[in-house]
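Structure first, commentary second.
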Amino acid sequence: MAEGPPANLPPHIALEDFSVAKSCLSRFAFAALGVGMLAACDTGAEEEAQETVAAADESEAIDLTGTLLRDFAGERIPAVTVIDPDGARLDLRDVDGPVLMNLWATWCRPCVVEMPLLDELAADLEGEVRVLTVSADLKGAEVVQPFFDRYELPNLPRWMDSGNDLANAFDGGPLLPLTVLYDAEGREVWRITGAYDWASASAREEVREALSVEAGDAPDTNPSVS
């Protein structure tokens, strides 16, 4: 994963069927997806994407090589309140401990491919970092609830930001997926734009190493992120 500005990628691609991602719950199956397609979705024109859903070509694959950026290191987690389908509310600044926050949407194919990988990561890193997935779907629970009802993602929360307050906090509309690591003080460590293989061992090393450095431990002289 190389640092630098995200590539100039085409707009979002809507997803008609989650079966491709669902069938790839193992990291080895997902590795086969890491050839040739866009790594991110544009958050604009969501309504149009949801109304003109197109079937994905079976030959298309998702590139799981997102871009790691440290340009915003030190910035506080946005003062945004998210909500779940049951009406529970969460002020992001009230969250204790390190947080790995993922901004996604049901219409963003790379986001959907990432979800099982993040679910696996959340289970493996339980007690070390809290994984928060926040949907940017304008239709909110109308589309998020059925998504979670249909697919087994027991380790991921169903937080939503249908008002796009969180997206606006990230420069008015970031490419999706966007994943940001925050330390225990709620300060950004790094962010990854585009889809990434969160089921990989390197992903766990990157999170753990970053948090250990923030905690004051000696940094690794051979960091895994290139």
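The values are calculated or read from the model by the stated rules, or taken from the named source; none is laboratory data. Remember, it's a predicted structure, so these values are computed and weren't measured experimentally. Ideal geometry is used to build each Cβ from the backbone, glycine not excepted, and the neighbour counts take in all protein chains shown. For accessibility, only protein heavy atoms count, side chains too; no ligands or nucleic acids. Shrake-Rupley method; radii C 1.70, N 1.55, O 1.52, S 1.80 Å.
Which of (1) open to solvent by 30 Å² or more (accessible area, probe 1.4 Å); (2) part of a loop (DSSP other than H, G, I, E, B); (3) touching a residue at least 12 places away in the same chain (Cβ under 8 Å) is the odd one out, the single condition Glu209 does not satisfy?
Unmet condition: (2).
Got a sec? Which of Ala79, Ala141, Ala105, Ala88 is within 12 Å of the chain's Cα centre (by Cα), farther than 25 Å from Ser212 by Cβ, at pLDDT 95 or above and not aromatic (Phe, Trp, Tyr)? Please lay out each step first, then the result.
On the way: Ala79 fails: within 12 Å of the chain's Cα centre (by Cα); Ala141 fails: within 12 Å of the chain's Cα centre (by Cα); Ala88 fails: within 12 Å of the chain's Cα centre (by Cα).
Selected residue: Ala105, the only one of Ala79, Ala141, Ala105, Ala88 that is within 12 Å of the chain's Cα centre (by Cα), farther than 25 Å from Ser212 by Cβ, at pLDDT 95 or above and not aromatic (Phe, Trp, Tyr).
For Ala123, indicate whether it is assigned to a helix (DSSP H, G or I) and at pLDDT 95 or above.
It is true that Ala123 is assigned to a helix (DSSP H, G or I) and at pLDDT 95 or above.
Report, ordered by the first and then the second residue, all pairs with beta carbons closer than 7 Å, sequence separation of six or more or different chains, a first member in region 64-80 that is in contact (Cβ under 8 Å) with a residue 12 or more places away in the chain and of a type in the set (Lys, Arg), and a second member that is open to solvent by less than 40 Å² (accessible area, probe 1.4 Å) and part of a loop (DSSP other than H, G, I, E, B).
Listed by first residue and then by second, the contacts come to Arg76/Gly186.
Taking region 100-123, which residues are open to solvent by 10 Å² or more (accessible area, probe 1.4 Å) and under 23 Å from Val189 (Cα atoms)?
Within region 100-123, Asp119, Glu120, Ala122, Ala123 meet the criteria.
Being open to solvent by less than 20 Å² (accessible area, probe 1.4 Å) and outside any strand (DSSP E or B) is the filter here, so list the residues in region 152-173 that pass it.
The initial filter retains those residues of region 152-173 that are open to solvent by less than 20 Å² (accessible area, probe 1.4 Å), namely 153, 156, 160-161, 166-167, 170.
If the condition is that a residue be open to solvent by less than 20 Å² (accessible area, probe 1.4 Å) and outside any strand (DSSP E or B), then Leu153, Leu156, Asp161, Leu166, Ala167, Phe170 are the ones that fit.
From the list Asp171, Asp165, pick out the single residue that is over 19 Å from Ala73 (Cα atoms) and of a type in the set (Asp, Glu).
Working: Asp171 fails: over 19 Å from Ala73 (Cα atoms).
None of the other options fit; the residue is Asp165.
Run Ala55 past the list (1) surrounded by 12 or more Cβ atoms within 10 Å (Cβ to Cβ); (2) modelled with pLDDT under 95; (3) part of a loop (DSSP other than H, G, I, E, B) and report the number of the one that doesn't hold.
Evaluating Ala55 over (1) surrounded by 12 or more Cβ atoms within 10 Å (Cβ to Cβ); (2) modelled with pLDDT under 95; (3) part of a loop (DSSP other than H, G, I, E, B) leaves (1) as the failure.
Evaluate the following for Thr133: is it outside any helix (DSSP H, G or I) and surrounded by 22 or more Cβ atoms within 10 Å (Cβ to Cβ)? Even if it seems obvious, please write down each step before you answer.
On the way: outside any helix (DSSP H, G or I): yes; surrounded by 22 or more Cβ atoms within 10 Å (Cβ to Cβ): yes.
Taking the combined requirement at face value, the residue satisfies it.
Is it true that Ala141 is under 20 Å from Asp197 (Cα atoms) and either open to solvent by 10 Å² or more (accessible area, probe 1.4 Å) or polar (S, T, N, Q) (or both)? Quick ask: steps written out before the conclusion?
On the way: under 20 Å from Asp197 (Cα atoms): no; either open to solvent by 10 Å² or more (accessible area, probe 1.4 Å) or polar (S, T, N, Q) (or both): yes.
So Ala141 fails the test.
Do any residues in region 187-204 that are on the phi > 0 side of the Ramachandran plot have Cβ atoms under 6 Å from those of residues that are open to solvent by 20 Å² or more (accessible area, probe 1.4 Å) and in a strand (DSSP E or B), where the two are at least six apart or on different chains, and which pairs are they?
Gly194/Thr67
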